[in-house]
Amino acid sequence: MVAKKTKSDFISTGHVAQNRRATFDYYITERFVAGLELTGTEVKSLRQGHANINDAFGVEKGGELYISNMFIAEYSNKGYASHAEKRDRKLLLRKKEINDIIGSIAKKGTTLVAIRLFFNEKGRAKLEVGLGVGKKLYDKRETEKTRDWNREKARVMARY
């Protein structure tokens, strides 16, 4: 039998999901924090931590920005109403930020990538997105070398 979820098991503020591949696959040039237009069952499912943003990316439709391919699982205690798990969700940003992002996305090789999904201090769902330029294979190797060197350097400094 599955243990019943208590009130303390729900996420009220803090981290829900993170895309670790974003910084490995892309150079993130700019970061933005955007609100999300969600339904009630989506918010409840996010509070349980059932989300995946690893394949999420931003698209422009009619002068507005949407996050596509973001997975939010169906809420387990839903009644008659539910939501599609992978639908396009509207990003809520200022008009100037939207225009900057749309202008950058129009350039070849630039993508709007989801980085982190969280609840802010007021309990509202936010998505950190970044403008990313794809890395080549040799760039990824360089990132790994730098990370390994920093790790080794920290070990040596800890000894002395």
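Values quoted throughout were computed directly from the atomic coordinates according to the rules given, and no laboratory measurement underlies them. None of these values were measured; they are calculated from a predicted model. Cβ coordinates were reconstructed from backbone atoms using ideal geometry, including for glycine residues, and neighbour counts include every protein chain displayed.
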Local electrostatic count, Lys61, Cβ distance below 11 Å [Lys/Arg +1, Asp/Glu -1]: -2
Point-charge dipole on Cβ atoms (K/R +1, D/E -1) for the stretch 14-135, about Cα centre, debye to 20: 140 debye
Environment charge of Val16, counting only residues whose C-beta is closer than 13 Å and scoring Lys/Arg +1, Asp/Glu -1: +3
Estimated [θ] at 222 nm from DSSP helical runs (n ≥ 4, -39500 (n - 2.57)) normalised by residues in the chain, nearest 500: -9500 deg cm²/dmol
Around Glu142: net Lys/Arg minus Asp/Glu count, Cβ-Cβ under 10 Å: +4
Within the chain, longest stretch clear of exposed trypsin sites (Lys or Arg not before Pro) (DSSP loop, no more than 12 other Cβ within 10 Å): 21-93
Residue order, fewest to most surrounding Cβ atoms within 10 angstrom, among Asp148, Asp55: Asp148, Asp55
Cross-link pairs Lys107/Lys153; Lys61/Lys140; Lys44/Lys136; Lys96/Lys136; Lys44/Lys90; Lys61/Lys122 - those with Cα-Cα distance over 27 Å: Lys107/Lys153; Lys61/Lys140; Lys44/Lys136; Lys96/Lys136; Lys61/Lys122
